[in-house]
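The values are calculated or read from the model by the stated rules, or taken from the named source; none is laboratory data. If you're wondering where the values come from, they're calculated on a predicted model, not measured in any experiment. Backbone-built Cβ (ideal geometry, glycine too); neighbour counts: all protein chains shown. What goes into the accessible areas is simple: the full protein's heavy atoms, side chains included, and nothing from ligands, DNA or RNA. Shrake-Rupley method; radii C 1.70, N 1.55, O 1.52, S 1.80 Å.
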Number of protein chains: 2
Amino acid sequence: MTYCLGIITAQGLVLASDSRTNAGYDQVNICRKMHLFVKPGERCFVVLTSGSLSVSQSVLTLLHQDFDAGAGLAEAVTFYDAARVVGACVRKVAKIDREALEEDDYKFNINVILGGQIAGSPHDLYMIYPQGNPLRATEESPFLQIGETKYGRPILDRGIQYRQTTLEQAAKFSMISFDSTMRSNVTVGPPIDMVMYTKDDLKIKQFRRFKDKDPDLIAIHGQWEQALRRAIIELPPIRFDEIESKFP
Amino acid sequence: MTYCLGIITAQGLVLASDSRTNAGYDQVNICRKMHLFVKPGERCFVVLTSGSLSVSQSVLTLLHQDFDAGAGLAEAVTFYDAARVVGACVRKVAKIDREALEEDDYKFNINVILGGQIAGSPHDLYMIYPQGNPLRATEESPFLQIGETKYGRPILDRGIQYRQTTLEQAAKFSMISFDSTMRSNVTVGPPIDMVMYTKDDLKIKQFRRFKDKDPDLIAIHGQWEQALRRAIIELPPIRFDEIESKFP
């Protein structure tokens, strides 16, 4: 399983991914799911992938080939174009692999998060579906998740606000969202890669890899659990009706 | 969709269920999913159901029929027997309905949570699968969920401890778990029914129905969001490596 997350706020982006990949329960490996495509000062993309590792690798190979040749993500004029470039790669691989996969009852399965900025345009955040079509994050829905999305969602629903949330806060919310997911699903696991992108940087200045048993990760986990328990204690008590006959 | 939750601690039980049922997006109704079987001073069962409403109703009809006739849950000697009584009812209904459902590609789908106590034995908590087999909550896994379980799980994973958590705290954790689930999935909705059962009561003394826009529910929701945002702010800042070349 995988968990990847992109958050967009007025100040910039936070993107994060786990690194666990498994084919069955007895074949668990570490695999980076965060990939950078950067021409400093001109354009900067962070790509996160979930789904079949084979399909993801093919899509990334094609994206890199084109980028290195000055095509694809390297020449997209708008961020929407860039999302379409990724979608086109997904469709290209679908044309090659989909039929053979489905013949053996495998799904053609890849989801992509694309965040970043092209000089002269605002920073932006998209998701690309297995069918290749793009979805854009908005001020009202300022985060996108792929993979094992549910455990880590409530904290984001409660906390992330496009205008108010600072990038530093968004990074902390991401960390808690990952911590919640890893705690509830063992197939999501470290290292956690995280990029904090301040708008108009047009390069990656702030990257962090949290390894297994990373002391910062452990400290945040412990402090968060304590804060939650304290918050529960401080809630007003639940009032109950004391009479059984009230049960409808 | 449905969300039902049972928590067992050294002090007793908290059981809660939502009340939204839908067959497609345009047929949403309110339906109670919490059912009581009580002989005060002798035995007390709370039954929560998720899955097909038709199947759940059939199982409950059979359970009530037997109970009223002094059989089934009314004469189970141990709590394990009681879980087996529920499982037998599930299997009885499966025998009647399963084939016809599967012919039209519907799943035979019911999950049950059974909590309560029989005089002379400890309070107990079980889940019964669609196949009729029972699973017991333990000190290490002191809560059971059915239905839309993921959104509301992290807060329980972090908070519920069989020996330390008081019943009042367990009720608050339940409330937050439901609030998280309702926020992220609109097909889980109020009224929320909640029972707090103190061990050896052998009747239901504390019941609460939280209706839509219940002022207590709104107050808890607001206070919780504020507490979370405060807790995020109080976390130490995430430290990033400032150099792009560190990206592996």
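Give just the number: which of (1) at pLDDT below 95; (2) farther than 30 Å from A:ALA171 by Cα; (3) in a loop (DSSP other than H, G, I, E, B) does B:ILE238 not satisfy? Answer for B:ILE238: the failing condition is (2).
Report yes if A:LYS205 is among the basic types (Lys, Arg) and in contact with a Ser or Thr (Cβ under 8 Å, 6 or more places away or on another chain), otherwise no. First the steps, then the outcome.
Values: among the basic types (Lys, Arg): yes; in contact with a Ser or Thr (Cβ under 8 Å, 6 or more places away or on another chain): yes.
Yes, satisfied.
I'd like the full set of residues that are more than 9 Å from chain A (Cβ to nearest Cβ) and open to solvent by 10 Å² or more (accessible area, probe 1.4 Å), limited to the stretch B:173-186. Of everything in the stretch B:173-186, those that are more than 9 Å from chain A (Cβ to nearest Cβ) and open to solvent by 10 Å² or more (accessible area, probe 1.4 Å) turn out to be B:MET182, B:VAL186. Looking at the stretch B:1-36, which of its residues are crowded, with 24+ Cβ neighbours inside 10 Å and among the aromatic types (Phe, Trp, Tyr)? The one that is crowded, with 24+ Cβ neighbours inside 10 Å and among the aromatic types (Phe, Trp, Tyr): B:TYR3.
Beta carbons closer than 6 Å, at least 6 apart along the sequence or on distinct chains, pair a first residue in the stretch A:30-44 that is more than 17 Å from A:LEU62 (Cα to Cα) with a second that is part of a loop (DSSP other than H, G, I, E, B) and open to solvent by 30 Å² or more (accessible area, probe 1.4 Å) for A:PRO40/A:LYS203; A:GLU42/A:ALA119; A:CYS44/A:LYS203. Within the stretch B:155-171, being touching a residue at least 12 places away in the same chain (Cβ under 8 Å) and either β-branched (Val, Ile, Thr) or in contact with a helix residue (DSSP H, G or I) (Cβ under 7 Å, 6 or more places away or on another chain) (or both) holds for B:ILE155, B:LEU156, B:GLY159, B:ILE160, B:THR165, B:THR166.
To keep it simple, each residue is scored yes or no on (1) over 27 Å from A:ALA171 (Cα atoms); (2) crowded, with 22+ Cβ neighbours inside 10 Å; (3) within 16 Å of the chain's Cα centre (by Cα); (4) more than 7 Å from chain A (Cβ to nearest Cβ).
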{"position": "B:ARG158", "(1), (2), (3), (4)": "no, no, no, no"}
{"position": "B:GLN164", "(1), (2), (3), (4)": "yes, no, no, yes"}
{"position": "B:ALA171", "(1), (2), (3), (4)": "yes, yes, yes, no"}
{"position": "B:LYS199", "(1), (2), (3), (4)": "yes, no, no, yes"}
{"position": "B:ALA231", "(1), (2), (3), (4)": "no, no, no, no"}
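So, B:GLY189, is that one away from chain A (no Cβ under 11 Å), under 13 Å from the mean Cα position of the chain (by Cα), closer than 30 Å to A:PHE178 by Cβ and of a type outside the set (A, V, I, L, M) or not?
no
Kindly evaluate B:ASP216 against the criterion of being in contact with a Lys or Arg (Cβ under 9 Å, 6 or more places away or on another chain), of a type in the set (Asp, Glu) and facing another protein chain (nearest Cβ under 7 Å). So B:ASP216 fits the description; yes.
Residue check: is A:GLN223 facing chain B (nearest Cβ under 7 Å), open to solvent by 20 Å² or more (accessible area, probe 1.4 Å), more than 26 Å from A:VAL38 (Cα to Cα) and in a helix (DSSP H, G or I)? It is true that A:GLN223 is facing chain B (nearest Cβ under 7 Å), open to solvent by 20 Å² or more (accessible area, probe 1.4 Å), more than 26 Å from A:VAL38 (Cα to Cα) and in a helix (DSSP H, G or I).
When A:GLU75 is tested against (1) over 23 Å from A:LEU217 (Cα atoms); (2) among the acidic types (Asp, Glu); (3) touching a residue at least 12 places away in the same chain (Cβ under 8 Å), exactly one condition is not met: (3).
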